[in-house]
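The structure under discussion appears below in the form of structure tokens.
The values are calculated or read from the model by the stated rules, or taken from the named source; none is laboratory data. As the structure is a prediction and not an experimental result, all values here were calculated from the model. Cβ placement follows ideal geometry from the backbone for every residue including glycine, while neighbour counts extend to all protein chains displayed. When the accessible area is computed, the model is the full protein with side chains, heavy atoms only, and any ligands, DNA or RNA have been set aside. Shrake-Rupley method; radii C 1.70, N 1.55, O 1.52, S 1.80 Å.
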Amino acid sequence: MLSSDHAEIVRATLPAVVAHGVEITGEFYDSMFVAHPELRNLFNQGNQANGEQRRALAGSVAAFAEHLVTPDSGVPFQQIMSRIAHKHASLGIRPEQYTIVGRHLLEAVGTVLGDAVTPQVHAAWSEVYWLFATLLIAEEARLYQEAACGPATPYRTWRVVERRDEARDVISLVLAPADGGAVPAHLPGQYVSVAVTLPDGLRQPRQYTLSRADADGTVQITLRRVRGTDGSPDGAVSTYLFEHAAAGTELEVSAPFGDVVLADEEDPLVLISAGIGITPAAAMIDRLAAAGTGRTVLAVHADRSPAAHALRGQIAEAGRRIPGFRQVTWYEEPGDATPGEGGDVRRGLLDVAALGLPPKARVFMCGPLPFLRETRRGLLEAGVSDERVHYEVFGPDLWIR
Ligand SMILES: Cc1cc2nc3c(=O)[nH]c(=O)nc-3n(C[C@H](O)[C@H](O)[C@H](O)COP(=O)(O)OP(=O)(O)OC[C@H]3O[C@@H](n4cnc5c(N)ncnc54)[C@H](O)[C@@H]3O)c2cc1C
Ligand code: HEM
């Protein structure tokens, strides 16, 4: 709860902060990286360059402020906070770093909004920041404790025991803890951060979903090499891993985190994915098959072509072990789709209305934001309410519905 005089000030200044949100967060990152160049190793520099992290931070702070001053605004604050906390925990964010971020963020508000930021306005937004920070620090402490790891040593060394080609520009890496220790417990849908030191010396972490159930003391990640388009550069970490990871390579890997996970329930499950967004669905199907599930599972995937469709052999194999499994795949270019792999194959873009969704479906989606928005619209039209739909985005969530 904000103190009442601060609530009035935040309500009055929220429109200006929202209107200049991306300018403020842009100024924030610029000044923070000048004062703390070492933090470049922590933040995804691709998301800095393409502006996504600025929008994500601005969007989350504005959503929190709105939630504070208008509690019935419908802002999905719990969901926003949980997503950020899991991402932070996978990166080993420490409580004392909140002081650095808070100082630069509040200074940036002053730099961008100028004289409008009186001492009272500064104090009110400082209270907003620290309320948010306190909630995140507490949630992150809980996650670190659950994962039995601490922010001081977020990474553990894992060894690649197998590299497999999955599809065009997609590989899987099978990983085992280098110290021979146990694979940490995790839920299907969770991801790890993998940190690599790039040829220019910059250390960069990225998240990769564990793409199957663990087996024989190993886990698997599956990654698509991101190729630059329209003048943008190739993806830094995916390209590096694609070019350098092989059996024997050691990688720094975090404990598993992520809150878009299968719940223990019996409702029919619908998994909808596009492109490399298939990895959480693949993990869920594999885990359900291993558990001998009696659930109805409909796996729906959209991809350019069979050649680009990753993990389809793994999913077809796991699907055969689930009695209620059905699969529908939409290819823009079906070409010579192999019968049996991809299930019922259709041409074109995914059409939710054509799926025949089971009643009381629990839906998980993963893919690019425009795909998720379009699919969500289709699901709403098909009568599936938002509380039954869960989604993962392979980048900062921009909270745009
Ligand atoms: C929860 C989660 C789970 C994920 N799971 C998976 C998974 O299972 N498999 C998988 O393959 N990926 C997954 N990802 C995505 C993954 O973490 C990386 O984002 C992805 O591999 C791209 O990283 P990169 O370093 O190769 O690209 P980056 O270097 O981060 O580049 C990303 C984009 O930004 C653009 N860009 C970079 N620099 C500039 C610039 N200067 N100007 C303009 N544009 C620029 C690039 O062209 C590219 O399009 C997941 C992400 C999240 C958040
Ligand atoms: C109240 C304070 C903070 C807020 C509101 C906040 C908000 C966010 C948001 C919205 C994301 C994107 C989550 C997603 O959708 O994936 C994020 C990611 C991140 N945050 Fe924070 N954060 C805060 C504090 C911090 C601190 C103290 C640090 C450490 C210096 C930090 C480091 C990061 C990093 C490294 C990422 C990943 C960025 C990327 O991959 O581009 N954050 N944060």
Applying the selection to region 358-373, what residues are assigned to a loop (DSSP other than H, G, I, E, B) and open to solvent by less than 40 Å² (accessible area, probe 1.4 Å)? 358, 361, 367
Looking for something open to solvent by less than 40 Å² (accessible area, probe 1.4 Å) and under 22 Å from the mean Cα position of the chain (by Cα) - is there at least one such residue anywhere in region 10-18? no
Mind listing whichever residues of region 357-401 are among the acidic types (Asp, Glu) and closer than 22 Å to residue 206 by Cα? 392, 397
Scan region 336-345 and tell me whether some residue there is among the β-branched types (Val, Ile, Thr) and surrounded by fewer than 21 Cβ atoms within 10 Å (Cβ to Cβ). yes
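For every residue, the table says whether it meets (1) modelled with pLDDT of 90 or more; (2) in contact with a strand residue (DSSP E or B) (Cβ under 6 Å, 6 or more places away or on another chain); (3) in a strand (DSSP E or B).
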residue: 307; (1), (2), (3): yes, no, no
residue: 323; (1), (2), (3): yes, no, no
residue: 333; (1), (2), (3): yes, no, no
residue: 346; (1), (2), (3): yes, yes, yes
residue: 350; (1), (2), (3): yes, yes, no
residue: 356; (1), (2), (3): no, no, no
residue: 375; (1), (2), (3): yes, yes, no
Any residue at all in region 77-87 that is on the phi < 0 side of the Ramachandran plot, open to solvent by less than 40 Å² (accessible area, probe 1.4 Å) and modelled with pLDDT under 95? yes
When you go through (1) within 30 Å of residue 6 (Cβ to Cβ); (2) within 16 Å of ligand 1 (Cβ to nearest atom) one by one for residue 190, which number turns out not to apply? (1)
Residues located in region 196-243, provided they are in contact with an Asp or Glu (Cβ under 8 Å, 6 or more places away or on another chain) and free of Cβ contacts under 8 Å to residues at least 24 places away in the same chain: 226, 228
When the residues of region 219-238 are filtered to those that are open to solvent by less than 20 Å² (accessible area, probe 1.4 Å) and more than 16 Å from ligand 2 (Cβ to nearest atom), which remaining residue is farthest from residue 187 (Cα to Cα)? 222
Here the residues within region 64-84 that are aliphatic (A, V, I, L, M) and either more than 9 Å from ligand 2 (Cβ to nearest atom) or not in a helix (DSSP H, G or I) (or both) are 65, 68, 69, 75
Selection count where residues are open to solvent by 30 Å² or more (accessible area, probe 1.4 Å) and among the aliphatic types (A, V, I, L, M), scope region 277-311: 3
Determine which single condition residue 314 fails, assuming it passes every other condition in (1) surrounded by fewer than 17 Cβ atoms within 10 Å (Cβ to Cβ); (2) within 26 Å of residue 225 (Cβ to Cβ). (1)
What is the number of the single condition among (1) within 21 Å of residue 398 (Cβ to Cβ); (2) modelled with pLDDT under 95; (3) surrounded by 16 or more Cβ atoms within 10 Å (Cβ to Cβ) that residue 151 does not meet? (1)
